[in-house]
Amino acid sequence: MPKIKLTTPLNDETVENLRIGQKVLLNGVLYTGRDAAHKKMIELLDQGKPLPFEIKGQVIYYVGPSPAKPGQIIGSAGPTTSGRMDAYAPRLIALGLKGMIGKGKRSPDVVRAIRQYKSVYFAAVGGAAALISRSIKKCRVIAYPELGPEAVYELCVENFPVIVANDTLGGDLYEEGVKIYATK
Amino acid sequence: MARLCIEANYYLGSDVIRAFERSREEESSLTGRDILKQLLLNAKIAADDRVPMCQDTGFAVVFLDLGQGVRIEGGSLYDAVNEGVRKGYTEGFLRKSIVGHPLKRINTGDNTPAVIHTRVVPGDSLKITVAPKGGGSENMSAIRMLKPAEGLDGVKKFVLETVKTAGPNPCPPIVVGVGIGGTFEKCALLAKEALIRELGRPSPLPEIAALEKDLLDEINSLGIGPQGLGGRTTALAVHIEIYPCHIASLPVAVNINCHAARHKEAVL
Ligand code: SF4
């Protein structure tokens, strides 16, 4: 299957053309965030304050990297379980978040929001952290440095490998892929 | 100790690498094959660059097989183990993933304390096994006290149900450690011990080896596949350890390990 190259930020049209199972190489900027950062971002929204970055068209990567060795840009940086962000994701999607990268299934609420507001969920290979780190070319903390690996980082990536897992048609590779290969 | 923590996280065992290679050939899903290829490449990069194969460098689970002829001098053995973990996780640039209190949840900053299991064995040596355990797969593990009448079928059903519920979360392909028998806590420990066996080496008990093979086939018919995105390779191996149990009980524990099936040992 040919790989599709995309550059962030993403727009509605690009996202609408993606289908589950497609392999994508992402380029441009990604923002990181895990549970703690998401909680803080939602608190900001509740207080009517701006988020640490403009969310329209952006992609959030659910990751908490290991510490960088001297000379390294970032430590090993594979995806974490996305389900822990399900409670926060629909609100960010409604504000224009166009993509999320993580591992594991999303809740029905997230799947619905992806469809309604045109977004996409990409699966990265859980545990392929050393490989993924090689596609990260720049990295800087832009919010919550006190959270250490859970801070919000701005990453510049080149050919970051992901697979489309939930698309704007409501497709879910976690459901459909398993159905194809189940033999009992 | 520190070296074992670091090496376990940088260098994936050759038994796991061989299992990836074999699975890649047998996998019918293209996406699945691609994922297995990425995992092989990942293991190579981690070893070449001396970096952790996964960012979750785990809880340091340590087995000490202490020869009964050994005398420990000059301080506490457990303090020494924790000092080694501290040193390994700091000097090896491993992620610190331990909170000091399960409810207050403040990171201890050095990945201590370790979880230490001590077994006293004959002899004059100390064998140390370090098995860093990731959160994603540990969270999908389960234990159940079956009724003896549920028997073999009950055991199989529970293992399959646990793997199915886990789905993509423990980063398949997984290794499934099963404990059958003992008491509640013994059973959980058996499941953990099953995970540090060399990958794919069958149980020495023929009926248990047959059950391992059976369960592996059934798990690999569930369709979950690499990363839960569909395919044949859901598990690389099923390892079962058993122990006698009470006439009224049939405990079964399933401890799931991700493909980052890390363990390193040394004998002092
Ligand atoms: S489950 Fe294993 S491979 Fe997956 S993120 Fe956790 S430690 Fe890494």
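The values are calculated or read from the model by the stated rules, or taken from the named source; none is laboratory data. All figures in this text were calculated on a predicted structure; none of them were measured in a lab. Cβ: placed from backbone, ideal geometry, glycine included. Neighbour counts: every protein chain shown. With ligands, DNA and RNA removed, areas are computed over all heavy atoms of the protein, side chains included. Shrake-Rupley method; radii C 1.70, N 1.55, O 1.52, S 1.80 Å.
A quick yes/no check of all residues on (1) touching a residue at least 24 places away in the same chain (Cβ under 8 Å); (2) away from chain A (no Cβ under 14 Å); (3) assigned to a helix (DSSP H, G or I); (4) of a type in the set (Asp, Glu):
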position: B:128; (1), (2), (3), (4): yes, yes, no, no
position: B:132; (1), (2), (3), (4): yes, no, no, no
position: B:136; (1), (2), (3), (4): yes, no, yes, no
position: B:152; (1), (2), (3), (4): yes, yes, yes, no
position: B:175; (1), (2), (3), (4): yes, no, no, no
position: B:185; (1), (2), (3), (4): no, yes, yes, yes
position: B:188; (1), (2), (3), (4): yes, yes, yes, no
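Look at the stretch A:127-140: where a residue is open to solvent by less than 10 Å² (accessible area, probe 1.4 Å) and a partner is assigned to a helix (DSSP H, G or I) and away from the ligand (no atom under 16 Å from the Cβ), sitting 6+ places away or on another chain with Cβ atoms under 8 Å, you get A:130/B:49. Filtering the stretch B:138-150 to residues that are open to solvent by less than 70 Å² (accessible area, probe 1.4 Å), in a strand (DSSP E or B) and away from the ligand (no atom under 16 Å from the Cβ) leaves B:143, B:146.
Of all the numbered requirements in (1) open to solvent by less than 40 Å² (accessible area, probe 1.4 Å); (2) away from the ligand (no atom under 15 Å from the Cβ); (3) not hydrophobic (A, V, I, L, M, F, W, C); (4) not in a helix (DSSP H, G or I), residue B:193 misses one, and that requirement is (4). Across the stretch B:44-65, the number of residues qualifying as away from the ligand (no atom under 16 Å from the Cβ) and over 21 Å from the mean Cα position of the chain (by Cα) comes to 3.
Suppose we filter B:164, B:157 for residues that are free of Cβ contacts under 8 Å to residues at least 40 places away in the same chain, away from the ligand (no atom under 16 Å from the Cβ), in a helix (DSSP H, G or I) and within 14 Å of chain A (Cβ to nearest Cβ); which single one remains? Even if it seems obvious, please write down each step before you answer.
Values: B:164 fails: free of Cβ contacts under 8 Å to residues at least 40 places away in the same chain.
Sole residue among the options that is free of Cβ contacts under 8 Å to residues at least 40 places away in the same chain, away from the ligand (no atom under 16 Å from the Cβ), in a helix (DSSP H, G or I) and within 14 Å of chain A (Cβ to nearest Cβ): B:157.
Scan the stretch B:153-172 for residues that are among the small types (Gly, Ala, Ser) and surrounded by 21 or more Cβ atoms within 10 Å (Cβ to Cβ) and report the count. Step through it out loud before you land on a result.
Applying the first criterion (among the small types (Gly, Ala, Ser)) to the stretch B:153-172 yields B:154, B:166-167.
Restricting the remaining residues to those that are surrounded by 21 or more Cβ atoms within 10 Å (Cβ to Cβ) gives B:166.
Number of matching residues: 1.
With within 16 Å of the ligand (Cβ to nearest atom), without any contact (Cβ under 8 Å) to a residue 40 or more places away in the chain and in contact with a strand residue (DSSP E or B) (Cβ under 9 Å, 6 or more places away or on another chain) as the only criterion, which of B:106, B:72, B:98 stands out?
Numbers: B:106 fails: within 16 Å of the ligand (Cβ to nearest atom); B:72 fails: within 16 Å of the ligand (Cβ to nearest atom).
Exactly one residue qualifies, and that residue is B:98.
Within the stretch B:13-36, the set of residues being surrounded by 15 or more Cβ atoms within 10 Å (Cβ to Cβ), touching a residue at least 12 places away in the same chain (Cβ under 8 Å) and within 10 Å of another protein chain (Cβ to nearest Cβ) comprises B:27, B:29, B:31, B:32, B:35, B:36. Which residues, taken from the stretch A:133-184, are touching a Pro at 6+ places or on another chain (Cβ under 7 Å) and part of a helix (DSSP H, G or I)? If the condition is that a residue be touching a Pro at 6+ places or on another chain (Cβ under 7 Å) and part of a helix (DSSP H, G or I), then A:149, A:174 are the ones that fit.
From the list A:124, A:87, which residue is within 15 Å of the ligand (Cβ to nearest atom) and under 22 Å from residue B:167 (Cα atoms)? Talk me through it step by step, then tell me what you get.
Details: A:87 fails: within 15 Å of the ligand (Cβ to nearest atom).
It is A:124.
What tally of residues in the stretch B:209-265 results from selecting those that are within 16 Å of the ligand (Cβ to nearest atom) and part of a helix (DSSP H, G or I)? First the steps, then the outcome.
Taking the stretch B:209-265 and keeping what is within 16 Å of the ligand (Cβ to nearest atom), we get B:224-229, B:233-237, B:254-264.
With the extra rule that they be part of a helix (DSSP H, G or I), the set shrinks to B:226-228.
Of the residues in the stretch B:209-265, 3 are within 16 Å of the ligand (Cβ to nearest atom) and part of a helix (DSSP H, G or I).
Among the residues making up the stretch A:8-19, a single one is more than 14 Å from the chain's Cα centre (by Cα) and among the hydroxyl-bearing types (Ser, Thr, Tyr): A:14.
For the structure I just gave you, tell me whether residue A:88 is touching a helix residue (DSSP H, G or I) at 6+ places or on another chain (Cβ under 6 Å), touching a residue at least 40 places away in the same chain (Cβ under 8 Å), hydroxyl-bearing (Ser, Thr, Tyr) and away from chain B (no Cβ under 13 Å). Even if it seems obvious, please write down each step before you answer.
Values: touching a helix residue (DSSP H, G or I) at 6+ places or on another chain (Cβ under 6 Å): yes; touching a residue at least 40 places away in the same chain (Cβ under 8 Å): yes; hydroxyl-bearing (Ser, Thr, Tyr): yes; away from chain B (no Cβ under 13 Å): yes.
So residue A:88 passes the test.
Do we have any residue at all in the stretch B:55-67 that's farther than 19 Å from residue B:110 by Cα and open to solvent by 10 Å² or more (accessible area, probe 1.4 Å)? Don't jump to the end; show me each part of the working.
First, the residues of the stretch B:55-67 that are farther than 19 Å from residue B:110 by Cα: B:63-67.
Remaining after also requiring open to solvent by 10 Å² or more (accessible area, probe 1.4 Å): B:65-66.
Yes; the residues of the stretch B:55-67 include at least one that is farther than 19 Å from residue B:110 by Cα and open to solvent by 10 Å² or more (accessible area, probe 1.4 Å).
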